[in-house]
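This report refers to the structure that appears directly beneath it.
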Amino acid sequence: MVSELDQEWDAFLAANRHGYHEQTAMYGRIRTGYGFECERAVVRQGGIIVGGVQVLAQSTPLGKFARIFAGPLAAGDEPGILARVVSELEQLVKSKSYVSLRIDTLPTQQAARDALSAAGFRESDAWFGGKLSLVAPLDYTDDELLASIDRKTRNYIRGAERAGVVIRVGDDADLEDFYNLYLMTAAHQGFEPFARDYIKYIASLLGPAGRFRLFVAYHEGEPVAAKSNMIAGGRSYASWVGMHRGEKQRKLRATELLHYTVMRWARDQGCDLYDLGGTEAQKKKVARDTIDWPVPMRKFYGPFRYVMRHGMHLGWSIPWAHRKINSAAWRMGLLPRMPW
């Protein structure tokens, strides 16, 4: 059963322009099933949440390591509220005896990074390795968007339309089709999928504000490909995808038509960029520009914080030490196979 506090937090998150699925209450509950603790630091005005952040922490032989995804958050990105959130976060860290806190922000969360920097957090590429992503500018007409795509891919898009592929902006009725295609892709690529209820929950939370949509491609009534898209900070992010593995269905090239459809939808929602979430070869046919995602910010706590900081960077920078640490973490169950 969802608590009133969780409902209140999710309502704040849905109304915040940077609200992302990794800060939702249900995401936190899912992670607790893999051995994580989930906590929040919240700031209120007049009894109403105006800022906050959700923290996930994992116990290790070296102490509790905490992590934040897509936070902290504040109404209107107000610097004063963000400073208060970071102050509450520091108190939470100390009360829970965390030894390290890593924060991964979205590319548009510069105000949050400024507040963290003022509190002593520093960029740290240890155990990060960089995240490069292809992006497509969206300030174009339909014809200009199509022209910005690789010529061969444009032909695939037109071919899918001629073959009768139809894209439907999914609702509850299409969720089952979307999820079945998503499971096919998870089985083919070997990743752990989210539960159907989680995707339904995200759609119901962020969908009404136009920040999340399912897109399903049909051919002669059969679902052949699917894609979901999330908006945060005025930017569109490709999220979960699915594709029928049959040869006939794959030859329809519905995925390319889905990309073009999502790009037009995101533009109409006021987004400036479509972030494809990686640089795989097939994505280079849709977008040419790349961005580097922000380096995580980190801070260490406790009497051994300086030793921890140097030890972490040393372990990351030496290849054999990096491999040994990862191997030990797997054996101790600290790197569980989880949905992302």
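The numbers here are math on the coordinates, done by the rules we state, and not lab data. Since we're looking at a predicted model, the values are computed, not measured. Backbone-built Cβ (ideal geometry, glycine too); neighbour counts: all protein chains shown.
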Margin query: Could you work out how much longer the chain between R323 and I291 gets when fully extended? Use 0.36 nm per residue separation minus the Cα distance between them, nm to one decimal.
Written below: 8.7 nm
Next item on the list: Between L183 and H313, take the C-beta separation as r, use R0 = 45 Å, and let me know the FRET efficiency to the nearest 0.05.
Entry: 0.70
Next item on the list: Compute the Kirkwood hydrodynamic radius of region 31-83, taking the inverse of the mean of 1/r over all pairs of distinct Cα atoms, and give it in Å to one decimal.
Entry: 12.4 Å
Item checked: Approximate shape of region 4-124 as ellipsoid semi-axes (Cα gyration tensor, √5λ), whole Å, largest first -> 21, 17, 13
Notebook entry, point to check: Can you give the extra length, in nm with one decimal, that the chain gains between D125 and D272 once fully stretched, where that is 0.36 nm per residue apart less the Cα-Cα distance?
Noted result: 50.2 nm
Item checked: Estimated Rh, the chain: Kirkwood, alpha-carbon pairs, angstrom -> 21.5 Å
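In debye to the nearest 20, how big a dipole does the chain give about its Cα centre with +1 on each Lys and Arg Cβ and -1 on each Asp and Glu Cβ?
Using only the charged Cβ atoms, the result is roughly 1300 debye.
Report, please, the projected area of region 231-340 averaged over directions, based on the convex hull of its C-alpha atoms, in nm².
On the way: hull surface 44.1 nm².
Average projection, Cα convex hull of region 231-340: 11.0 nm².
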Check: Across all directions of projection, what mean area in square nanometres is found for the Cα convex hull of region 144-225?
Finding: 6.9 nm²
Check: Ranking W340, W330 by Cβ neighbours within 10 Å, fewest first, what do you get?
Finding: W340, W330
Next item on the list: Taking the Cα centre of region 65-216 as origin, sum charge times position over the Cβ atoms of Lys and Arg (+1) and Asp and Glu (-1), and report the length of that vector in debye to the nearest 20.
Entry: 380 debye
Checklist line | Cα radius of gyration and Dmax for region 50-175 (Å) | finding: 21.6, 62
Checklist line | A163-E78 FRET efficiency (beta carbon distance; Förster radius 51 Å; 0.05 resolution) | finding: 0.50
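Counting other beta carbons within 10 Å of each Cβ, put E176, E256, E90 in order, fewest first.
Listed from fewest to most nearby Cβ atoms, that is E176, E90, E256.
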Check: Given the rule -39500 (n - 2.57) for each run of at least 4 DSSP H residues, summed and divided by the residues of the chain, what is its mean residue ellipticity at 222 nm, to the nearest 500 deg cm²/dmol?
Finding: -12000 deg cm²/dmol
Checklist line | Listed residue pairs exceeding 19 Å between alpha carbons, taken from K94/K299; K131/K200; K200/K284 | finding: K131/K200; K200/K284
Next item on the list: For K64, go through the aspartates and glutamates and keep the ones whose alpha-carbon is under 17 Å away, minus same-chain ones fewer than eight residues off.
Entry: E37, E39, E90
Note to self: I need the calculated FRET efficiency for the pair R245 and D139, taking r as the beta carbon distance and R₀ as 41 Å, to the nearest 0.05.
What the structure shows: 0.70
Note to self: Please compute the length gained on full extension between E192 and A118, using 0.36 nm multiplied by the number of residues separating them and subtracting their Cα-Cα distance.
What the structure shows: 22.9 nm
Notebook entry, point to check: Taking a point 7 angstrom from the Cα of E222 along the C-beta vector, which residues in region 241-261 have backbone N less than 13 Å away?
Noted result: 244-253
